Amino acid sequence: MAHARLTPRQYLILGLVSLCAPLGDTCLSRGMTGLPEITLAHPTSLFSAVFTPWIALGIALLIGFFASYLTALSWADLTFVLPATASGYVILALSARFFLHEAISPERWAGIVLITIGVSFVARGPSLTERTPARPQPPADLSNAAKEQLR
Amino acid sequence: MIIPFPAPQPGLWAASAMIAAVVLASTAGEVFTAAAMKSIGDIDKIRARSGLRGAVRAILTCPLFFAGVSFLALAFFSLLFALNHMNLSLVAPASASLTLVTNAIAGKIFLKEDVDRRRWAAAVLVCIGVYLLAH
């Protein structure tokens, strides 16, 4: 399954998917907790929340996430992309540990270990489900046509 | 989402309903988006052939993509709504981890992806891991 191997550029895109999503979520949470309560009686206040700085930054990061996510989904399975990009949570937790000197509880270490094992599981497998009328077809057709021309 | 939720801290049912809304909407959104991107083909190749504009046009002319985006938008606003009522430490891990498992199921049923034992194991491990890490 040589064609299932990812290129460095594709790894970079998966990396962007991993990092932009948790960072964006963190910004959104920071923005939302600072706001007054939003109720179903005033649903429009949810839309005005979009223009506060933390939420705007969160949305910008999530747009970056979405662009790379769409690119990843165009060449890999959903059930590959989702677990593979969960490593962002691990990177975020470890950077909080080493750069912000936040303590990591044993529970969180267990989470880090489980995600890392899960990611290594999918990363070893094929990134795209093999389908018979898929992309490998054209070169085969071409070579057949070429063979017939030779005959 | 017709039930008016109590203001201070939501009860178990209201909390479950908010998380279920996020999970269901994002699963539907991700399945539609994945189906759209598969029908379009490798975006990197399209971009190499007809530039960024060609790639954007290929995505924006795909109806499945809009179905996906609508559900993802619904998931996003239900997440914002839930975050305003509950802590991030509950909403984010619960919805993110459950979505991994519902997506594995939906990916197998609707996208006919080859969810082998390795992918099931990964979905379950990452699901528990995300929950433990973000909780």
Inset, instruction - Among the numbered conditions (1) crowded, with 19+ Cβ neighbours inside 10 Å; (2) more than 8 Å from every other protein chain (Cβ to nearest Cβ), tell me where B:Ala67 comes up short. - result: (1)
Legend entry - Hits in the stretch A:22-56 - residues which are among the aliphatic types (A, V, I, L, M) and farther than 24 Å from B:Ala94 by Cβ: A:Ala41, A:Ala56
Legend entry - So B:Leu52, is it under 13 Å from the mean Cα position of the chain (by Cα), more than 7 Å from chain A (Cβ to nearest Cβ) and either surrounded by fewer than 21 Cβ atoms within 10 Å (Cβ to Cβ) or among the β-branched types (Val, Ile, Thr) (or both): no
Inset, instruction - Spot the failing condition for B:Leu100; the list is (1) of a type outside the set (Lys, Arg); (2) at the interface with another protein chain (Cβ under 8 Å from one of its Cβ atoms); (3) out of contact with any Cys (no Cβ under 6 Å at 6 or more places or on another chain), and only one is missed. - result: (3)
Inset, instruction - Give the residue, chosen from A:Gly64, A:Gly58, A:Gly34, that is more than 9 Å from chain B (Cβ to nearest Cβ) and either touching a Lys or Arg at 6+ places or on another chain (Cβ under 9 Å) or β-branched (Val, Ile, Thr) (or both). - result: A:Gly58
Legend entry - Filter result (aliphatic (A, V, I, L, M) and crowded, with 21+ Cβ neighbours inside 10 Å) within the stretch A:20-48: A:Ala21, A:Leu28, A:Met32
Inset, instruction - Show the residue pairs that are 6+ apart or on different chains and have beta-carbon atoms under 6 Å apart, the first residue being within the stretch B:67-96 and over 18 Å from A:Arg30 (Cα atoms), the second being hydroxyl-bearing (Ser, Thr, Tyr). - result: B:Gly68/B:Thr33; B:Ala75/B:Ser26
Inset, instruction - For the stretch A:57-72, indicate whether the set of residues that are in contact with a Cys (Cβ under 8 Å, 6 or more places away or on another chain), modelled with pLDDT of 80 or more, in a helix (DSSP H, G or I) and of a type in the set (S, T, N, Q) is non-empty. - result: yes
Legend entry - Residues of the stretch A:28-56 that turn out to be assigned to a helix (DSSP H, G or I) and modelled with pLDDT under 85, as a count: 14
Legend entry - Hits in the stretch B:119-135 - residues which are buried (at least 20 other Cβ atoms within 10 Å of the Cβ), facing chain A (nearest Cβ under 7 Å), closer than 15 Å to A:Thr116 by Cβ and at pLDDT 90 or above: B:Ala122, B:Ala123, B:Leu125, B:Val126, B:Gly129
Inset, instruction - Name every residue in the stretch A:37-55 that is hydrophobic (A, V, I, L, M, F, W, C) and either touching a residue at least 12 places away in the same chain (Cβ under 8 Å) or more than 10 Å from chain B (Cβ to nearest Cβ) (or both), in order of residue number. - result: A:Ala49, A:Phe51, A:Trp54, A:Ile55
Inset, instruction - Could you list, in sequence order, all residues of the stretch A:80-103 that are part of a loop (DSSP other than H, G, I, E, B) and either within 9 Å of another protein chain (Cβ to nearest Cβ) or crowded, with 21+ Cβ neighbours inside 10 Å (or both)? - result: A:Thr85, A:Ala86
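The values are calculated or read from the model by the stated rules, or taken from the named source; none is laboratory data. What you are looking at is a predicted structure, and each value in this text was computed from that prediction instead of being measured. Every residue, glycine as well, gets a Cβ built from its backbone with ideal geometry; the counts of neighbours run over all protein chains shown.
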